[in-house]
Amino acid sequence: MKKNFGILPSGEEASLYTISCGGVTAGISDYGATLVSVLVPDSTGNLNDVVLGFDDCNGYATGGGCLGATVGRNANRIQGAAFRLNGKEYTMTPNENGNNLHSGPDYYFHRMWKVVSCTDSAITLELNSPHGDQGFPGNAVIRVTYSLDADHGLHIAYNAVCDQDTVFNLTNHSYFNLRGHEHPEAAMDQLLTLPGRFFNPDDAKAIPTGEKRSVEGTPMDFRVPKPIGQDLGADYECLKLQGGYDHNWEVFCNPCAQLHDPVSGRSMAVYTDCPGIQFYAGNFLDEQGKGGVYYGKNTGVALETQYYPDALHHPDWPQPITKAGERYHSETVYRFHW
């Protein structure tokens, strides 16, 4: 199903597409290839929208926080807003503490995408990114496919090709609240499991130091499920520097994360082929969202599958480089249970 999603300041008309399967319904906009809504039953069959978002395209155009965003070419941070590839220096626009965050400020999620195909249970959107776009080399064609399966899984698949060696590291920046987006007070009560044995500490500018630190004995240990808010205020430098959880964990097994709301009975398991997952507890959220609901600090949880932040400056880490003419492919699944 397709319906109008508002008119952008440019005069372009955005649309909202609805896909359904297995009891789950998702809304996706061609503005930003954005995940706008995910309706999931609770243990008694009542439907709630479990992702934070806005009522129309203008909310996404002017709001912060990257709600529901498709992020590329490179998700997360690049130190100094510059990197070297094949002996050449590439510069980007600094947009956070002298670094580059989410390839901005000319974000992919602030652009219109072309709908390539749409069925009852899947939609594919495409973006052409020319050489030099955001500072990256090569002319790239990027596709994002959202699809739902009969086992309550929301698949997000990324496919891209470029005519030069380039960076591809795409992710989705949705914030989840399994009680329902309209219950912001419940977000930190969700039980989180992260099997990762280590995480990447960051400096005061949110750039990884290069250390892979064991979670053992720290507030970063989610190997056994615990409420997100349990250790949120702990006297721990890594948490204090970032204002809470906003760090990368290793991915060495699947599911690489699980989220559970004990009141609604909803759970979500995350599966990915990426080497890392960024857990962000919405430390700086400040948005008027869908239905007039206010999303303040810690009212949603982002679980962003991706390469490690600033991997381009750590050659011993997995590298987000795709060779000219080769196909980049990555897929993440958010599988719901109730």
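Taken together, the values in this text are just the output of simple stated rules run on the coordinates, not laboratory data. This one's a predicted model, so the numbers in the text were calculated from it and none came from an experiment. Cβ placement follows ideal geometry from the backbone for every residue including glycine, while neighbour counts extend to all protein chains displayed.
Restricting 154, 192 to residues that are crowded, with 24+ Cβ neighbours inside 10 Å, aliphatic (A, V, I, L, M) and either without any contact (Cβ under 8 Å) to a residue 60 or more places away in the chain or part of a strand (DSSP E or B) (or both) narrows the list to 154.
For residue 335, are the conditions met, namely being surrounded by 23 or more Cβ atoms within 10 Å (Cβ to Cβ), under 28 Å from residue 25 (Cβ atoms), touching an Asp or Glu at 6+ places or on another chain (Cβ under 8 Å) and basic (Lys, Arg)? No: the conditions fail for residue 335.
Taken together, 265, 217 contain a single residue that is assigned to a loop (DSSP other than H, G, I, E, B) and touching a Ser or Thr at 6+ places or on another chain (Cβ under 9 Å), which is 265.
Considering only residues in region 222-248 that are of a type in the set (Asp, Glu) and either out of contact with any Asp or Glu (no Cβ under 9 Å at 6 or more places or on another chain) or over 23 Å from residue 263 (Cα atoms) (or both), the one that is surrounded by the most Cβ atoms within 10 Å (Cβ to Cβ) turns out to be 246.
Looking at 281, 324, can you tell me which residue is of a type in the set (Gly, Ala, Ser), out of contact with any helix residue (DSSP H, G or I) (no Cβ under 8 Å at 6 or more places or on another chain) and in contact (Cβ under 8 Å) with a residue 40 or more places away in the chain?
One residue alone meets the criteria, 324.
The lone criterion from (1) farther than 21 Å from residue 187 by Cβ; (2) touching an Asp or Glu at 6+ places or on another chain (Cβ under 6 Å) left unmet by residue 65 is number (1).
Residue count for region 290-317, restricted to those that are outside any strand (DSSP E or B) and either under 15 Å from the mean Cα position of the chain (by Cα) or surrounded by fewer than 24 Cβ atoms within 10 Å (Cβ to Cβ) (or both): 17. Residues in region 61-83 that are under 21 Å from residue 160 (Cα atoms) and under 9 Å from the mean Cα position of the chain (by Cα): 68, 69, 70, 71, 75.
Can you say whether residue 259 is among the hydrophobic types (A, V, I, L, M, F, W, C), outside any loop (DSSP other than H, G, I, E, B) and more than 17 Å from the chain's Cα centre (by Cα), as far as the supplied structure shows? Here the answer is no, as residue 259 does not meet what is asked. If we scan region 213-225, do we find a residue that is in contact (Cβ under 8 Å) with a residue 60 or more places away in the chain and either touching a Gly at 6+ places or on another chain (Cβ under 9 Å) or of a type outside the set (Phe, Trp, Tyr) (or both)? No - not one qualifying residue is present in region 213-225.
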